[in-house]
Amino acid sequence: MPDSLSLSQILIRSVIRAFHSTQEVLAVEALVQHSCLRDDELAYLLKMNTKDLHRLCASLRDARFLTVHTRPEVIEGKTRPVNRTYYYIDYQQTVDAIKWRVYKTDKDMQGIAKPQDESKEYSCPRCKSQWTQLEVLDSVSMQGFLCLRCEAVLERSQEQEQPGHQQLSRMNNQFKFMTDMLQQIDKGLVPECSFDKAIAVARPIVREATHEVLASVPVEEMGGAGMGKPSAVKGLANTGPKTMQVTISDGNEEAELVESRKRKERFLRENALPSWITDSSVPVPAATAAAAAAPVMSFKMEEDEEDDLEFEDVV
């Protein structure tokens, strides 16, 4: 008796042939034979370009017939790794997906097959009317039940199934190979299939000389050669000063005061008003001149005491 893995492979092959296109059948068949294939290898076997292959495998991935795995690899003659896509079949996931689709389809068909009303078992050969057994119970003769409309002897109709029951029976007959095989698979245990296990037992493909490609090595296997897994991108190194030191020294305060005073005087000279504004050319009357000669208030900065103001009368 075949084991669960062999039964799972037979089930997947049968289902893919019954409900999918030829290209999808060939893709799954290649994965069953080779266990794990890279996208360019599968495209070579199917005679397709990788773009169409990715579109084809996307539909199979959505249907849970295959699993996609991506890993970085370094191609021979190059130093920068690139991501390579691999396909393999996770048999546990695929068998569970088939179980769910069979169950869902069966439930949908059972909803259609629910009887709407009682079927009419008797029909009149003369007026073509149909009657249920309950309706003709009180209209009976030696020959049998009589038609309530024309009193002709009714004929019992052949066993007829409702359209929903016909579809359910047809579905059960078509799905019988799947349900029987699922019961056999459930008696055993489907082994777990991961990418590492699938790539370990993968069968290599033989290419023609005109279709040879450069070999590639996974980045994980080159860790000892100084090429580990690609790390996050780092910015430029910070070459500026790490710290800043501020030094405050106590110098000669008198020299600082003299320098500050000179700076203020220079500022006043640079911002002084021109003579044509301060000295008027208009003759000044005597009264105005006398008023101008009156004492005025002025102030000066004392050099001995800082920031102290002293006022005096200037005559």
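The values are calculated or read from the model by the stated rules, or taken from the named source; none is laboratory data. Computed from a prediction, not measured in an experiment: that's the story for all the values here. Note: ideal-geometry Cβ built from the backbone for every residue, glycine included; neighbour counts use all protein chains shown. What goes into the accessible areas is simple: the full protein's heavy atoms, side chains included, and nothing from ligands, DNA or RNA. Shrake-Rupley method; radii C 1.70, N 1.55, O 1.52, S 1.80 Å.
Which parts of the range 1-43 would a label at Lys99 reach, counting a residue when its backbone N lies under 18 Å from a point 7 Å out along Cα-to-Cβ? Under 18 Å, as judged by backbone N against the label point of Lys99, lie 3-13, 15 of the range 1-43. Shown for the range 1-132: lysine pairs separated by 8 or more places, or found on different chains, whose C-alpha atoms are under 29 Å apart, numbering 8. Residue ranges 83-92, 134-143 sort as 83-92, 134-143 when ordered by packing (mean number of other C-beta atoms within 10 Å per residue, highest first). Shape class of the range 1-123 from the Cα gyration tensor (axes a ≥ b ≥ c, square roots of the eigenvalues): prolate, since a/c reaches 1.5 or more and a/b is larger than b/c. Here the accessible area is traced with a 1.4 Å probe on the protein chains. For the range 4-117, carbon and sulfur cover 49 percent of it.
Under the convention that each Lys and Arg Cβ holds +1 and each Asp and Glu Cβ holds -1, the size of the dipole of the range 6-110 around its Cα centre is about 140 debye.
Peptide packing for 31-38, 272-279 was compared via the average number of neighbouring C-beta atoms within 10 Å per residue; ordered from the highest value, the list is 31-38, 272-279. Between Ser194 and Asp106, the C-beta separation translates, for a Förster distance of 25 Å, into a calculated FRET efficiency of about 0.20.
Taking the Cα centre of the range 168-217 as origin, sum charge times position over the Cβ atoms of Lys and Arg (+1) and Asp and Glu (-1), and report the length of that vector in debye to the nearest 20. Walk me through the numbers on the way to the answer.
Values: 6 positive and 6 negative charges, 50 e Å.
About 240 debye.
With 0.36 nm allotted per residue and the present C-alpha distance subtracted, the Gln167-Val258 stretch has 21.6 nm of extension available.
When a/c reaches 1.5 or more, the comparison of a/b and b/c decides; with that in mind, is the range 1-53 rounded, prolate or oblate per its Cα gyration tensor?
Note, shape of the range 1-53 comes out oblate.
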